[in-house]
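Engineer: This structure is in structure tokens; I'll ask about it shortly.
The values are calculated or read from the model by the stated rules, or taken from the named source; none is laboratory data. Computed from a predicted model, the values in this text were never measured in an experiment. Neighbour counts are summed over all protein chains in view; Cβ atoms, including those assigned to glycine, are modelled from backbone coordinates with ideal geometry.
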């Protein structure tokens, strides 16, 4: 993804007793998809609403949309 790409991510949040939540994110240089020591996939993203980085660790999905400038 390109830096500046906006997206929505949904995942089960441990903090909310595994409730599935949606957040608005933006891709930065610090965002990444990686695997922890136990082999669990993790998606680190910048949460626009909370103004900070978060980790989605289980059952995440995300959508992105690219808005193209009008062509005359």
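Engineer: In the stretch 37-49, what count of residues is obtained for those that are within 21 Å of residue 1 (Cα to Cα) and either under 9 Å from the mean Cα position of the chain (by Cα) or assigned to a loop (DSSP other than H, G, I, E, B) (or both)? I'd like the intermediate steps shown before the answer.
Structural biologist: Residues of the stretch 37-49 within 21 Å of residue 1 (Cα to Cα): 41-49.
From what is left, the residues that are either under 9 Å from the mean Cα position of the chain (by Cα) or assigned to a loop (DSSP other than H, G, I, E, B) (or both) are 43-49.
Looking only at that region, the number is 7.
Engineer: Answer with yes or no whether residue 11 is modelled with pLDDT under 90 and assigned to a strand (DSSP E or B). Before you say what the answer is, go through the steps one by one.
Structural biologist: Numbers: modelled with pLDDT under 90: yes; assigned to a strand (DSSP E or B): yes.
In short, yes.
Engineer: I've got another one for you. Limited to the stretch 14-36, what total is found for residues that are in a strand (DSSP E or B) and over 13 Å from the mean Cα position of the chain (by Cα)?
Structural biologist: So the first thing to find is which residues in the stretch 14-36 are in a strand (DSSP E or B), and the list is 19-26, 32-35.
Now narrow it down to the ones that are over 13 Å from the mean Cα position of the chain (by Cα): 19-20, 35.
So the answer is 3.
Engineer: In the stretch 34-44, which residues are farther than 14 Å from residue 13 by Cα and surrounded by 12 or more Cβ atoms within 10 Å (Cβ to Cβ)? Before the answer, list the steps.
Structural biologist: Residues of the stretch 34-44 farther than 14 Å from residue 13 by Cα: 34-41.
Result: 41, single match.
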